[in-house]
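None of the figures in this text is laboratory data; all of them are computed from the coordinates on show. Remember, predicted model here, so these are calculated numbers, not experimental data. Using ideal geometry, Cβ is built from the backbone for each residue, glycine included, and neighbour counts are taken over all protein chains shown.
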Amino acid sequence: MSAPETNVERQSRRHKPSLLGIGGAIVAAAIIGGVIWMMGDLTSEEQSTAAPVGQAADQE
């Protein structure tokens, strides 16, 4: 069976807002994921440079 109307131009015009919305959601998710990834890198660097509490007392 085939579709009763196969006007590709009209179908592409009708689906354009949906496709733009999906594309926008993908871009927004990528930006948010990048920000979260960068924030994770910053917190791991801060934790790795801090001396553990037990070592400061052992060295005195």
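Some notes on this structure:
- At R0 = 30 Å, FRET efficiency that the Cβ-Cβ distance of Thr6 and Ile32 yields, to 0.05: 0.20
- Cα→Cβ-extended label distance, 7 Å offset, between Leu42 and Ile22, nm: 3.4
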